[in-house]
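Reviewing the structure listed below.
Only the coordinates and a few stated rules stand behind these numbers; no lab work does. Quick caveat, the model's predicted, so the values are computed rather than measured. No Cβ is skipped: glycine too gets one built from the backbone with ideal geometry, and neighbour counts run over all protein chains shown.
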Amino acid sequence: MKCKIFLAIVFAVSLWSCEKNYSTETEIGRMEASDLIYLGDEYVEAYFINPEFVNPELELVEKGVCYSEKSTMPTINDNVSYIPFCSYDGTAIVKLAHVKEGIKYYCRVFIQKEDAVVYGKLFHFTMVRNHKGWAQKANFSGKSSSAVGFSIGNKGYVCAESLGEFWEYSPASNIWTRKANLPAGNIAAAFSIKNRGYIVLNKENNNFWEYNPATHRWTEKANFEGESRTNATGFSIGEKGYFGLGNNFGKEFLLYQDFWQYDPNSNKWTQKADFGGEVRYSAVGFSIKEKGYIGTGSNSTVLYKKDFWEYDPVSDTWTQKADFAGGPRVWAAGFSLEDKGFIGTGLSAPGVNNLRKDFWEYNPVTNQWIQKEDYKGSARIYSVAFSTINKGYVGLGGTFDYSMQDFWEFTP
């Protein structure tokens with residue numbers, strides 16, 4: 001299992017150098033450290049704020065994490081994991097090699113230039129066996145139970161559908177932080193591409209917005225070119241976003257199966273092959289590697305779907321796969337994680353007694369569904385779901401009578 005535990009560091013800098021004398025108080029990054037890392041989760045996250053402060057005229061040679069089970073002040077002469085690059089916000093994911101269960105390790109990040117090595121503040125962790133399944137996290141801090149979500153890197157984002165209220169969730173700190181509101185409400189679907197988030201609105205002009213977490217700003221992009229709708233489905237494959245299906249309960253009861261591709265490089269929408277199944281709304285969608293998947297949903301107020309389809313963007317074709325093993329379902333939650341797909345919760349038939357909390361894993365290699373541990377929150381509809389590198393998250397939503405704010409983390 002390839003997983004990541006989130007750590008953040010605030011560095012009190014110390015260094016050695018025979019040629020230069022640098023400040024020992026300059027902040028180069030931060031890390032919110034945990035004292036436990038689970039076996040199989042041998043990943044840490046380092047966040048570098050300003051690696052150029054160490055004599056900007058000198059070339060940056062290396063940066064990374066050094067760690068040791070013996071030395072309480074590890075250096076680059078001990079175990080080292082180098083960082084090839086950082087993401088848009090200076091975050092880098094580092095794998096620690098050759099760590100053992102039950103052993104306490106001392107760890108520091110470092111920046112190496114031509115004539116100096118700068119070390120961050122010492123922290124330590126102990127390897128323990130990994131917990132699998134569901135764990136409750138901090139309740140959502142916003143006001144809406146009906147919302148959409150996506151992830152960018154190691155953070156999750158949730159936007160209230162009607163209010164435009166926008167929140168960031170940090171798995172490292174287990175804290176929700178309010179961000180800049182979406183400039184308008186009434187959301188059709190959301191997805192992320194690399195280091196940007198995207199939301200399609202269901203207003204008549206089909207506004208389409210891009211969120212940049214580095215600047216915390218929204219930018220309006222090219223309007224969606226299909227008909228206005230709600231309860232649509234979106235996901236991304238590589239550097240493209242995909243959006244379609246849904247319904248319009250306006251003057252006419254309209255259902256859709258059209259499917260569109262968005263290219264952020266050209267800022268253009270292109271219509272692709274219609275979804276392979278019947279028209280529907282509130283279907284689950286996600287991507288695994290280079291393929292997209294859509295299933296479940298409804299095409300009326302009483303007919304719920306269980307069929308499941310794979311989309312190949314290269315051939316622009318849909319192929320039907322094994323039906324969702326949980327049976328017909330609408331308003332379910334789903335995400336992909338570690339080359340598997342996951343679907344659960346939702347409504348299996350009309351009526352409050354048919355709210356569900358079962359949870360299923362799809363393997364695209366074997367084309368089989370396996371039932372996993374039931375969702376630990378209450379049975380519900382309208383849940384928000386997304387995944388980071390090694391965890392899945394499901395929460396919010398509600399029943400027909402009340403909304404919920406609880407939020408849960410899933411470890412496969």
Inset, instruction - Among the lysines, select those whose C-alpha is under 16 Å from the C-alpha of K305, and discard any that sit fewer than 8 residues away in the same chain. - result: K321
Legend entry - Proxy reagent accessibility, fewest Cβ within 10 Å first, across L255, L337, L122: L122, L255, L337
Inset, instruction - Give the cross-link partners of K143 among the lysines, using a straight C-alpha distance below 16 Å as the criterion and excluding same-chain residues fewer than 8 apart. - result: K179
Inset, instruction - Using θ = phi - 60° and the Karplus relation 6.51 cos²θ - 1.76 cosθ + 1.60, list the HN-Hα couplings for the range 149-161 in order, rounded to whole Hz, with x at every Gly or Pro. - result: x, 7, 10, 10, x, 9, 10, x, 9, 10, 10, 5, 4
Inset, instruction - Distance check, please: which entries in K100/K306; K100/K137; K63/K289; K63/K104 exceed 32 angstrom between their Cα atoms? - result: K100/K306
Inset, instruction - Using packing as a proxy for protection, rank 343-351, 299-307 so that the peptide with the highest average count of other Cβ atoms within 10 Å comes first. - result: 343-351, 299-307
